[in-house]
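Trainee: This is the structure, below, for whatever I ask next.
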Amino acid sequence: MFYVGPKCRIFVSIAAYRDNDAPKTVRNLLETADRPHMLKVGILNQIDSLVDGDCLVGNTGNVHEIQTEAYSSKGACWARSRIMQEMLTTEDFYLQIDSHSRFDQGWDTTLIRMYEEAANPHIVFSCYPAGFDRTTE
């Protein structure tokens, strides 16, 4: 078994475009993580600063947000690239998610366990996440 240890850190990348669900996504991923203190969240929030106040996440502890005007966006890949270049540091894992996502309780422990069970340090996990009802979650 390939063991990563209890101190591994996960970087969560979120490229958001005028998505008022982004704050709920960040709150949910932190609330459902077994070890939220081991997470670093980087969000590039592409907004219209005159009307998109409900899309803002803010900078707190392990959440780092860059805000840019939506009209200057160069697309999702540009946003993801900026996140990697400007926010990723020494974390052990990189998780890229949509700005409208929800998580199962203990998702961080589950991902690390899956990685250990794969016994391949170069493995990449990918999935299409399940849908959810935005009115109830």
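Trainee: Starting from the Cα coordinates of the stretch 83-137, work out the convex hull volume and express it per residue in Å³.
Mentor: 114 Å³
Trainee: Of the DSSP beta bridges with both residues in the chain, give the percent that are antiparallel, rounding to the nearest 5.
Mentor: 5 percent
Trainee: Using only the alpha-carbon atoms, what does the stretch 38-103 span along each of its principal axes? Please give whole angstrom values in decreasing order.
Mentor: Principal axes ranked by extent give 36, 22, 20 Å for the Cα atoms.
Trainee: Could you state the principal axis extents of the C-alpha atoms in the chain, from the largest down, to the nearest angstrom?
Mentor: 52, 35, 28
Trainee: Test of understanding: in a Gaussian network model of the chain with alpha carbons linked when under 10 Å, which of ASN45, ASN59, ASN120 would top the mean-square fluctuation ranking?
Mentor: ASN120
Trainee: To continue, here is another question. GLU117 to SER49: FRET efficiency via 1/(1 + (r/R0)^6), r the Cβ-Cβ distance, R0 41 Å, to the nearest 0.05?
Mentor: Taking R0 as 41 Å, the efficiency between GLU117 and SER49 is 0.35.
Trainee: Can you give the extra length, in nm with one decimal, that the chain gains between LEU56 and SER72 once fully stretched, where that is 0.36 nm per residue apart less the Cα-Cα distance?
Mentor: Computed gain between LEU56 and SER72 is 4.1 nm.
Trainee: Further question: In a GNM of the chain with a 10 Å cut-off on Cα contacts, which of LEU95, LEU39, LEU50 has the highest mean-square fluctuation?
Mentor: Residue with maximal mean-square fluctuation among LEU95, LEU39, LEU50: LEU50.
Trainee: If ligands, DNA and RNA are left out, what is the accessible area of ASP48 with a 1.4 Å probe, given in Å² to the nearest 10?
Mentor: The accessible area comes out at roughly 50 Å².
Trainee: Another question about this same structure. Is it possible to state the helix-based mean residue ellipticity at 222 nm for the chain, with each DSSP H run of 4+ residues giving -39500 (n - 2.57), the sum divided by total residues, to the nearest 500 deg cm²/dmol? What is it?
Mentor: -7500 deg cm²/dmol
Trainee: With a 1.4 Å probe and all protein chains kept in place, how do PHE93, PHE125, PHE11 rank by accessible area, largest first? Please list the in-between numbers first.
Mentor: On the way: PHE93 45, PHE125 95, PHE11 0 Å².
Of PHE93, PHE125, PHE11, the descending order of accessible area is PHE125, PHE93, PHE11.
Trainee: Taking the alpha-carbon distance from LYS24 and a cut-off under 17 Å, which aspartates and glutamates remain once sequence neighbours fewer than 8 residues away in the same chain are dropped?
Mentor: LYS24 reaches ASP52, ASP54, GLU65, ASP98, ASP104, ASP133, GLU137.
The values are calculated or read from the model by the stated rules, or taken from the named source; none is laboratory data. All values derive from a computational prediction rather than experimental measurement. As a convention, Cβ positions derive from the backbone with ideal geometry for all residues, glycine included, and neighbour counts pool all protein chains shown. Just the protein is used for accessible areas: all its heavy atoms, side chains included, with ligands, DNA and RNA removed. Shrake-Rupley method; radii C 1.70, N 1.55, O 1.52, S 1.80 Å.
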